[in-house]
Amino acid sequence: MQDFEKAHPKIKVDMTVQPWDTIQQKLPSAWLTGQGPDVAAVSSDPNAVAQYVKTNSVLPITMTGSGDSKINTAQFAPGTVDEFTYDGKLYGVPANFATLSLYYNKKLFQEAGITNPPTTVQEMAADAKQLTTGGKYGIALADNQTIQMWPVLQWLEGGDIVTGKGCSAVQTSASKQGLETWGDLVAKDGVSPVGLTGAEADSLFSAGKAAMEINGPWAASGYESAGIDLGIVKVPVGVDGKSSTLGSIAPLSISAKTKYPEQAQQFLAYWTSKTAQQKFSLQTGFPPLRTDLSDDAKLQADPTVSVFASQVGDARLYLPHVENATKVDSDAYVPMIGKITRGTSVADATKEAASTIDGLTGCSK
């Protein structure tokens with residue numbers, strides 16, 4: 001904030017940090033009645049922007065273009081502009097951007113006789129089995145109350161959850177094959193405990209009881225403090241030979257009733273600028289939200305940031321622009337994974353999930 005105010009001496013920024021629950025509870029009514037902040041990270045769910053658009057509570061962003069004085073959307077991570085665009089108008093920018101990488105325990109790999117971390121999803125599956133020994137698990141796979149680990153596995157196996165038209169994709173042959181592969185690894189081979197929450201998966205890896213975990217940059221310092229002989233690498237490439245990982249974002253939007261629309265957009269331009277994103281990334285360990293910083297020398301010099309930054313261009317958003325996305329996840333996808341890992345056939349689990357997804361999205365095939 002100090003850098004922005006120094007560059008814009010006539011603008012003062014007062015910042016308040018609040019929990020997501022508080023923001024998501026109070027901000028909708030505040031903005032609807034012309035109260036609340038001029039700019040806010042409106043939710044941890046990027047799809048929440050749609051609700052603010054429906055109530056005319058957010059300001060369309062027009063100060064776009066090249067250079068640090070404008071909001072350079074051409075350099076944003078893949079999918080982020082589309083995620084915040086409705087009827088051709090942009091209503092938000094990423095407040096931050098995080099990719100997922102593969103964390104691995106070097107000591108457990110060495111004990112299992114595995115020299116290098118996996119570079120393909122097939123190697124990751126084989127390693128998970130080999131590393132499951134002596135009371136230790138090959139991988140900590142959370143399926144509820146978590147950052148999305150299972151969707152990454154589906155993408156790597158060539159599958160998906162929802163099509164571009166908002167219809168279920170869990171019954172495609174590629175989706176079912178991927179769910180079969182990883183479902184069997186958990187249910188039959190025991191490579192991960194069943195039903196882990198995100199916090200439980202983190203604790204398992206932190207305690208040295210799991211050899212791998214797919215996680216974001218926020219986890220690195222905690223694992224290092226726990227004494228894990230930590231390695232972090234890109235998520236292995238999928239069956240098509242291409243990289244794919246999750247991109248996690250929170251939307252930063254402007255109140256439609258702000259008295260300072262120009263100044264608010266100037267702040268968004270600063271926040272998403274190359275200069276600010278480089279500084280933010282180095283201070284937090286998060287990758288920048290811009291693709292033109294992936295090869296930045298200062299970021300490359302940081303062993304943690306460099307891995308996450310290198311995957312910005314490969315990142316995908318989870319259920320972007322999907323109607324009732326939160327319910328698609330909670331009412332269809334999470335229960336489907338829970339059933340498969342507990343022995344329900346993939347055919348039965350995906351059939352039920354597909355019906356629920358199509359009902360929630362309004363798909364008519």
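Among ILE61, ILE71, ILE114, determine the one that fluctuates most according to a GNM of the chain built with springs between C-alpha atoms less than 10 Å apart. Among ILE61, ILE71, ILE114, the largest mean-square fluctuation in the Gaussian network model of the chain belongs to ILE114. The slack between GLN122 and ALA30, meaning 0.36 nm per residue of separation minus the straight C-alpha distance, is 28.2 nm. Look at LEU32, LEU289, LEU185 and count the other Cβ atoms within 10 Å of each Cβ; fewest to most, that gives LEU32, LEU185, LEU289.
Ranking ILE357, GLY67, GLY216 by Cα position along the charge dipole of the chain, where only Lys, Arg, Asp and Glu carry charges on their C-beta atoms, puts GLY67 farthest toward the positive end. Mean-square fluctuations from a GNM of the chain, with a 10 angstrom spring cutoff on Cα atoms, peak among GLY166, GLY343, GLY285 at GLY343. Treating r as the C-beta distance of THR115 and ASP348 and R0 as 56 Å, the FRET efficiency rounds to 0.90.
Net length available on complete extension from GLU323 to ASN56 is 94.3 nm, with 0.36 nm assigned per residue and the Cα-Cα distance removed. With Cα atoms as the point set, the radius of gyration and Dmax of the range 16-152 evaluate to 21.3, 62 Å.
Read-outs: derived from the displayed coordinates by stated rules, not from any lab. This one's a predicted model, so the numbers in the text were calculated from it and none came from an experiment. Ideal geometry is used to build each Cβ from the backbone, glycine not excepted, and the neighbour counts take in all protein chains shown.
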